[in-house]
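Q: Below are the structure tokens for one structure; questions will follow.
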Amino acid sequence: MLGSIHKFPVPALMAFMIAIPSTAVRGASVLEAGRASVIKIYVTNSKGDFAMPWQMDRPNSGTGTGFIIKGRRILTNAHLVADVQFLQVQKSDDSRRYPATVKFVAHDCDLAMLEVADAEFFEETRPLRFANALPTLNDEVLVLGYPLGGERLSVTKGVVSRLSYTSYSHSGVDQHLVLQVDAAINPGNSGGPVIFRGKVVGLAFQGLAWADNIGYGIPLPVLERFLKDVEDGKYDGYPELGVAYLGMRNPALRSHVKLSDDQTGVLVHYVDPFGAGKDYILSGDVLLEIDGYAIDNDGTIKIDGERVVFAEVLERLQWGDEINFKVWRHNAAVDLQFPLDNPTDPFLYRNLYDTQPEYFITGGLVFSPLTRDYMRTLKRSGNPQNINQIQYLSEYSKIDGHYENRDAFIVLIRRLAHPVNTYMNHFLHGIVESVNGQKIRDLRMLSDALQSTDNEYHVVRFLGLDEMLVIDAEAARRADPEIFATYGIRHRENLGKSQ
Amino acid sequence: MKQCIAILMMVASLSRIGTAQEEIGDPGLVGVLVTHQQQNPYLPWKSGKSANRNGYGIFISSNRVLTTEHLVRNHTLVEIRRPREGEKITATVEIADHRLNLAILQVEAGTTHAIPPVPLAPRSNVDDQVTIFQIDADNDIQAVEASVSRIGVSHLSDAPYSLLTYQLLSDLNIRNEGAPVVKNGALIGIVMAYDSGTRIAVVISHPFIPRFVEDAATLPYKGPASAGFVWRALLDPAKRRFLGVDDIDGGIQVISATKGTPSGDVLRSSDVILTWGGHTLDNLGYYEDSDYGRLELSHLVKGRGSPGETVPVTIVREGDTMEIDLVLSGDLDPLALVPENVRAERAEYLVEGGLIIRDLDVFFMRARGGDWRSKVDSRLLHFYHSGGGLDHEPGDRVVILTGVLPDPINDGYHNFRNEVLTTVNGQHVRNMTDVFRIADEKGSLTRFTLYGTDIELVLDCNKITDANLRLSESYRIPELRFEKQPPTMP
């Protein structure tokens, strides 16, 4: 289906910290194991302010859950410890809180690993062990955690109601396997273990704001992939194949590409310029097999008797791993083998964490790269002017070819009112195309162009706007100290990556 | 002293109008009853439920009634009814102009009693006392006193156009649109919109009513003029210096000129317009109108110009002052890549193998309801706002696949909707005319490329005729194809 690649924004699956109401506990041993391994996390986060990028948003404090696994490691959710300013952990039945640090964080699958330097913390703890396989439908599982306001461990019970691909709301764009549990789950304790027969099969992480009795856990394969990924001392993330495809159920389509009746596969209609497949797979290829599994006309493969989308093969792989495809190209089968190492994709708009927003200010005009976080601030301010352009580029810039010759879309995000910029409001939220005739690739280039002393006037052109913005270079320079003082700005710019 | 007498006389005459119907005579007021039905933009062979709209009109000749365009939009039946009478008389719409929100209805001669038509009044002034006529619950004429509170350019209520209108402050609520406004027995205007909160009625008035009536009498109907460019006030001192007009007082900046119009050939972005037809423009785009005082430039174009007329214009381009001649255009909507289709006219379409193909227009997008801009696919909206960055020619449209009616022939394609079509049977398509032409040449359409991809959706050419029959039967599609007469370019 067209558009099966990342579209933005994914309808909000409201992520919240989930609380587990106390219920009668059946297995005392599970509770005992939980007391020795499931810990409470105290955290204060503070994120950069993407509407006024020279300052921070209001700090938030909260609590969550984590659990100890082999090697004195603590697993929890990335969304708990994202943008962390202050982090402590506490064991069940222990009043002491220990400082902790984030060792690894995986925002694309909402997982994090914490470390506690004080060895005393691990006294009388017992790491939880992972199960060998996922439970099946209707298997009874227990979820352990610390409900909001509660100091003591609680347990709730439910059954596995589905195993499916679902959006991970923390990053906003990623989809992975999810363990759906019918336990009544409420805001309060993300990061707790999902236990089946005494062993970990998942990690509770998000719920549905609009449905009762649906809770989501990050299942075993995702946890295991994370642990394997960080074995080399850093988290790389999921490889992205970067193809969009059309199922080939239609016989006319199949005969058009001269596929025989016994061949099945999917027709690639788009290859992402930042995906691992970009130099290997061509638009118009029919993907016949992945790593030896035959791909059906609807894009599924059969693994261990179960029918799953072929992307599941990629879900278990790491960066640098090789992948094999058999494709149908120019009426012949071709074998492809290539490594899954993606370049970073500046046009994939994930939620940003642990980073300060980039910006540049001159003459009271604040420029910043297009980010998902900035788009969220726009929606909060009631869909203002020029927002369609931003929405369009965030969804279609790659497919429609607008990404070429640039590394980011630079947006005029704010006007800090001053006589020098009084008549510039209608350019707000416009995307910079060029300055003084020079195409703008990134924020650094914009900063250089607008600080150049070669021009008396800077002429800024915006994508899709026919009117040009004219800045009197000298007047802007003179105005800046006053503007910075008025609005409490200490630095003219944060060029981030392009610095 | 003279002034005092004049006012006293006016008050006296007004009170007569308000109290004694017989003495004011019959102003030729009618109720207009409209049954209307709108097309379904997604399934363009389908119509929505029919509904009724009531308003008013006024006889401007023995068998012609003036009312608003909006009232009769998408009509299936128009009837008029005289006050104090129950009989409904069928009327036809002679002409309707959505850019002026005016329409003329015609009734068969002899079907109504002879009513002396109302003469058209010259302009009014702010503070003039006027009478709005409407029909009350007892089907009797009601005269409502009102005064002109503002005369200026404002937006039409049901179309994205602006026009010089009168605003009236009325004593009583105005029930429906189309209510005539009369002063001294002559028609000043008709009510387009009324806000019961502020008691303000917005009225289409002079000079548009006399011009419209005159224009309608000579075919082909020309309609109001358009300048063919977009402009903005030029206030920013830095920009004025940059454009070399810092030592001049007024002037506005041209933002863009519409391709396919005379302005598109003559004007450039960042030209500064200083005078228009001898009128000096200030930096907000206002001029001194001999009838109404300070007014916006658009009135010089729509209220005083007409299509085809040449206007001398003074501009500053790159620091040089020059005189140019601009020829005014008519309706620009047919030139647009994505037309507004304010009148919600049925779109041309083709249903082939269950694929529903039509041109994109704003009516299609607006059908998503309130806040439609945030609901419509951002790429379609992008084509509307900026032409998709395409260098399009007049007559180009965005051909879209609005959806797929499931059938065995299109299995696997059911989820496609709101996609832009770039080629059909391997040929580039610029508009529905191209699509129809290819369909006629090839007999059927079997290959389709969507914008942003280079693969084709393929339908079985041996099965398509049967599939079309089956689809038209099972989905009750009376016509799989609707093609209008070729449009005439202004």
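Q: Is it the case that some residue within the range B:226-241 is more than 14 Å from every other protein chain (Cβ to nearest Cβ), in contact (Cβ under 8 Å) with a residue 24 or more places away in the chain and open to solvent by 30 Å² or more (accessible area, probe 1.4 Å)?
A: No: the range B:226-241 contains no residue that is more than 14 Å from every other protein chain (Cβ to nearest Cβ), in contact (Cβ under 8 Å) with a residue 24 or more places away in the chain and open to solvent by 30 Å² or more (accessible area, probe 1.4 Å).
Q: Whether any residue in the range A:400-421 is open to solvent by 10 Å² or more (accessible area, probe 1.4 Å) and part of a helix (DSSP H, G or I) is what I want to check.
A: yes
Q: Which one is farthest from A:SER164 (Cα to Cα) among residues in the range A:292-325 that are charged (D, E, K, R) and open to solvent by less than 60 Å² (accessible area, probe 1.4 Å)?
A: Step one: filter the range A:292-325 for residues charged (D, E, K, R), giving A:296, A:298, A:302, A:304, A:306-307, A:312, A:315-316, A:321-322.
Okay, now just the ones that are also open to solvent by less than 60 Å² (accessible area, probe 1.4 Å), so A:296, A:312, A:315, A:321.
Details: A:ASP296: 18, A:GLU312: 11, A:GLU315: 13, A:ASP321: 24 Å.
Among them, the one singled out is A:ASP321.
Q: Same structure, new question: Are any residues in the range B:246-269 buried (at least 21 other Cβ atoms within 10 Å of the Cβ) and either among the aliphatic types (A, V, I, L, M) or within 12 Å of chain A (Cβ to nearest Cβ) (or both), and if so, which ones?
A: Passing the criteria: B:ILE252, B:GLN253, B:VAL254, B:ALA257, B:LEU267.
Q: Please verify whether the range A:441-450 includes one or more residues that are among the acidic types (Asp, Glu), under 28 Å from the mean Cα position of the chain (by Cα) and within 14 Å of another protein chain (Cβ to nearest Cβ). Can you show your working first?
A: So in the range A:441-450, the residues among the acidic types (Asp, Glu) come out as A:442, A:448.
Then drop every residue that is not under 28 Å from the mean Cα position of the chain (by Cα), which leaves A:442.
Filter once more, so that each one left must be within 14 Å of another protein chain (Cβ to nearest Cβ): none.
Checked against the condition, which is being among the acidic types (Asp, Glu), under 28 Å from the mean Cα position of the chain (by Cα) and within 14 Å of another protein chain (Cβ to nearest Cβ), the range A:441-450 yields no hits at all.
Q: On the given criteria, is B:ILE204 open to solvent by less than 30 Å² (accessible area, probe 1.4 Å) and more than 13 Å from every other protein chain (Cβ to nearest Cβ)? Before the answer, list the steps.
A: Details: open to solvent by less than 30 Å² (accessible area, probe 1.4 Å): yes; more than 13 Å from every other protein chain (Cβ to nearest Cβ): yes.
It is true that B:ILE204 is open to solvent by less than 30 Å² (accessible area, probe 1.4 Å) and more than 13 Å from every other protein chain (Cβ to nearest Cβ).
Q: Considering the range A:232-283 alone, what residues qualify as being of a type outside the set (A, V, I, L, M), within 14 Å of chain B (Cβ to nearest Cβ), crowded, with 22+ Cβ neighbours inside 10 Å and within 21 Å of the chain's Cα centre (by Cα)?
A: A:ASP272
Q: If you don't mind, another one. Please give the number of the condition B:THR68 fails out of (1) among the β-branched types (Val, Ile, Thr); (2) under 19 Å from the mean Cα position of the chain (by Cα); (3) surrounded by fewer than 24 Cβ atoms within 10 Å (Cβ to Cβ).
A: Condition not satisfied by B:THR68: (3).
Q: Scan the range A:453-462 and give yes if some residue there is open to solvent by less than 80 Å² (accessible area, probe 1.4 Å) and away from chain B (no Cβ under 14 Å), otherwise no. I'd like the intermediate steps shown before the answer.
A: Start the filter on the range A:453-462 by keeping residues that are open to solvent by less than 80 Å² (accessible area, probe 1.4 Å), which leaves A:455, A:457-460, A:462.
Those still in the list that are away from chain B (no Cβ under 14 Å) too: none.
No, the range A:453-462 contains no residue that is open to solvent by less than 80 Å² (accessible area, probe 1.4 Å) and away from chain B (no Cβ under 14 Å).
Q: Which residues, taken from the range A:443-455, are modelled with pLDDT of 95 or more and of a type outside the set (S, T, N, Q)?
A: A:LEU443, A:ARG444, A:MET445, A:LEU446, A:ASP448, A:ALA449, A:LEU450, listed by residue number.
Q: Which residue is farthest from the other protein chains (Cβ to nearest Cβ), if the candidates are limited to the range A:360-387 and must be touching a His at 6+ places or on another chain (Cβ under 9 Å) and either open to solvent by 20 Å² or more (accessible area, probe 1.4 Å) or not in a helix (DSSP H, G or I) (or both)? Talk me through it step by step, then tell me what you get.
A: Kept after step one, since they are touching a His at 6+ places or on another chain (Cβ under 9 Å), are these residues of the range A:360-387: A:361-364, A:378, A:384-387.
Going one step further and asking which of them are either open to solvent by 20 Å² or more (accessible area, probe 1.4 Å) or not in a helix (DSSP H, G or I) (or both), we end up with A:361-364, A:384-387.
Working: A:ILE361: 17, A:THR362: 13, A:GLY363: 9, A:GLY364: 13, A:PRO384: 11, A:GLN385: 11, A:ASN386: 9, A:ILE387: 8 Å.
In this case the residue turns out to be A:ILE361.
Q: Say we look at the range B:240-265 and pick out the residues that are farther than 30 Å from B:HIS392 by Cβ and β-branched (Val, Ile, Thr); which of these is modelled with the lowest pLDDT?
A: Taking the candidates together, the pick is B:ILE248.
Let's see how each residue does on (1) crowded, with 20+ Cβ neighbours inside 10 Å; (2) within 14 Å of another protein chain (Cβ to nearest Cβ):
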residue	(1), (2)
B:ARG437	no, no
B:SER444	no, yes
B:PHE448	yes, yes
B:THR453	yes, yes
B:ASN462	no, yes
B:ARG470	no, no
B:PHE482	no, no
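Q: Going through the range B:270-285 one residue at a time, which ones are away from every other protein chain (no Cβ under 14 Å) and assigned to a strand (DSSP E or B)?
A: If the condition is that a residue be away from every other protein chain (no Cβ under 14 Å) and assigned to a strand (DSSP E or B), then B:ILE273, B:LEU274, B:THR275, B:TRP276, B:HIS279, B:THR280 are the ones that fit.
Q: Quick one: count up the residues across the range B:335-376 that are over 23 Å from B:ALA467 (Cα atoms), within 14 Å of chain A (Cβ to nearest Cβ) and among the acidic types (Asp, Glu).
A: 1
Q: Right, here's the next one. I want to confirm something. Restricting to the range A:299-325 and keeping residues that are touching a Lys or Arg at 6+ places or on another chain (Cβ under 7 Å) and over 25 Å from A:TYR349 (Cβ atoms), which single residue is nearest to the other protein chains (Cβ to nearest Cβ)?
A: Once the filter is applied, the top-ranked residue is A:THR300.
Q: Now a separate question. State yes or no: is A:THR101 more than 28 Å from A:SER161 (Cβ to Cβ) and over 28 Å from the mean Cα position of the chain (by Cα)? If you could, list the steps in order and put the result at the bottom.
A: Values: more than 28 Å from A:SER161 (Cβ to Cβ): yes; over 28 Å from the mean Cα position of the chain (by Cα): no.
It is false that A:THR101 is more than 28 Å from A:SER161 (Cβ to Cβ) and over 28 Å from the mean Cα position of the chain (by Cα).
Q: Just the residues that are hydroxyl-bearing (Ser, Thr, Tyr), under 17 Å from B:SER154 (Cα atoms) and open to solvent by 10 Å² or more (accessible area, probe 1.4 Å), please, taken from the range B:279-298. Break it down stepwise before answering.
A: Going through the range B:279-298, the residues hydroxyl-bearing (Ser, Thr, Tyr) turn out to be B:280, B:286-287, B:290, B:292, B:298.
Of the ones still in play, those that are also under 17 Å from B:SER154 (Cα atoms) are B:286-287, B:292, B:298.
Across the range B:279-298, the qualifying residues are B:TYR286, B:TYR292, B:SER298.
Q: Take the conditions more than 27 Å from A:HIS491 (Cα to Cα), β-branched (Val, Ile, Thr), within 11 Å of chain B (Cβ to nearest Cβ) and not in a helix (DSSP H, G or I) and apply them to A:ILE471. Does it pass?
A: Answer is no for this residue.
Q: For the range B:79-89, what are the residues that are crowded, with 20+ Cβ neighbours inside 10 Å and either within 17 Å of the chain's Cα centre (by Cα) or in a strand (DSSP E or B) (or both)?
A: Start the filter on the range B:79-89 by keeping residues that are crowded, with 20+ Cβ neighbours inside 10 Å, which leaves B:80, B:82-83.
Correct list: B:ILE80 only.
Q: Would you mind finding the one in A:ALA209, A:ALA204 that is over 18 Å from the mean Cα position of the chain (by Cα), modelled with pLDDT under 95 and not in a helix (DSSP H, G or I)? Talk me through it step by step, then tell me what you get.
A: Values: A:ALA204 fails: over 18 Å from the mean Cα position of the chain (by Cα).
Criteria check complete, one pass: A:ALA209.
Q: Considering only the range B:445-490, state which residues are hydroxyl-bearing (Ser, Thr, Tyr) and touching a Leu at 6+ places or on another chain (Cβ under 8 Å). Before you say what the answer is, go through the steps one by one.
A: Filtering the range B:445-490 down to residues hydroxyl-bearing (Ser, Thr, Tyr) leaves B:446, B:449, B:451, B:453, B:465, B:472, B:474-475, B:488.
B:THR446, B:THR449, B:TYR451, B:THR453, B:SER472, B:TYR475, listed by residue number.
Q: With more than 15 Å from B:ARG64 (Cα to Cα) and not in a loop (DSSP other than H, G, I, E, B) as the only criterion, which of B:THR92, B:THR76 stands out?
A: Working: B:THR92 fails: more than 15 Å from B:ARG64 (Cα to Cα).
None of the others qualify; the one that does is B:THR76.
Q: Tally time: how many residues in the range A:333-358 are open to solvent by 40 Å² or more (accessible area, probe 1.4 Å) and either touching an Asp or Glu at 6+ places or on another chain (Cβ under 8 Å) or of a type in the set (A, V, I, L, M, F, W, C) (or both)?
A: 8
Q: Given the options A:ALA131, A:ALA117, name the one that is closer than 17 Å to A:GLN88 by Cβ and either open to solvent by 10 Å² or more (accessible area, probe 1.4 Å) or more than 25 Å from the chain's Cα centre (by Cα) (or both).
A: Numbers: A:ALA131 fails: closer than 17 Å to A:GLN88 by Cβ.
Exactly one residue qualifies, and that residue is A:ALA117.
Q: Please find, within the range B:22-36, the residue that is modelled with the lowest pLDDT out of those that are surrounded by 14 or more Cβ atoms within 10 Å (Cβ to Cβ) and assigned to a loop (DSSP other than H, G, I, E, B).
A: The initial filter retains those residues of the range B:22-36 that are surrounded by 14 or more Cβ atoms within 10 Å (Cβ to Cβ), namely B:24, B:26-36.
If we keep only those that are assigned to a loop (DSSP other than H, G, I, E, B) as well, we get B:26-28.
Working: B:ASP26: 70, B:PRO27: 82, B:GLY28: 89.
Result: B:ASP26.
The values are calculated or read from the model by the stated rules, or taken from the named source; none is laboratory data. This structure is a prediction, so every number in the text was calculated from the model and none was measured. Backbone-built Cβ (ideal geometry, glycine too); neighbour counts: all protein chains shown. With ligands, DNA and RNA removed, areas are computed over all heavy atoms of the protein, side chains included. Shrake-Rupley method; radii C 1.70, N 1.55, O 1.52, S 1.80 Å.
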